[in-house]
Amino acid sequence: MWLATCLTMKNKKQNKPKTVYKEDTGETIYSMAGLEGKTPEELDRLAEEKKKRVAVTRKERRAMIRAAFEVYGPKFLIIIMSFSLVAVLLYLWLS
């Protein structure tokens, strides 16, 4: 009985069709360069622009950042103080 069961299960396994995979020919169906939003021409243009960039030393970079803070810092503080003043006035008016 057991031998007959093993033989029938063995026959069932042999009749299962095998999956046949096609070989990869290396052929590209669709360019994947544009998936992140950039076409191959844009990537080439960006690479050329990167080569043209000017090298900035650490000291120059810190000077540029400091100058930006000196220019935009007072403007930022004025905006924060204005919102604070409006909040205080609203609090006094509504209480």
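Just add up the charged neighbours of Glu49: K/R +1, D/E -1, any other residue whose Cβ is under 14 Å from the Cβ of Glu49.
On the way: positive: Lys38, Arg45, Lys50, Lys51, Lys52, Arg53; negative: Glu41, Glu42, Asp44, Glu48.
Neighbour charge sum, excluding Glu49 itself: +2.
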Which ³J(HN,Hα) values in Hz, rounded to whole numbers, follow from the phi angles of the stretch 63-72 under the Karplus curve 6.51 cos²θ - 1.76 cosθ + 1.60, where θ = phi - 60° and Gly and Pro get x?
-> 5, 5, 5, 4, 5, 5, 5, 5, 7, 8
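Per residue, what volume in Å³ does the Cα convex hull of the stretch 17-95 take up? List each step's numbers first, then the result.
Working: hull volume 26.0 nm³, N = 79.
Taking the convex hull of the Cα positions in the stretch 17-95, it is 329 Å³ per residue.
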Using the Karplus equation 6.51 cos²θ - 1.76 cosθ + 1.60 (θ = phi - 60°), what ³J(HN,Hα) coupling, rounded to whole Hz, does each residue of the stretch 83-95 give in order, writing x for Gly and Pro?
-> 5, 5, 4, 5, 4, 5, 4, 5, 5, 5, 6, 8, 8
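FYI, it's all coordinate maths here, none of it is from the lab. Predicted, not measured: the structure shown is a model, and the values here were computed from it. Positions of Cβ are generated from backbone atoms using ideal geometry, with glycine treated the same way; all protein chains shown enter the neighbour counts.
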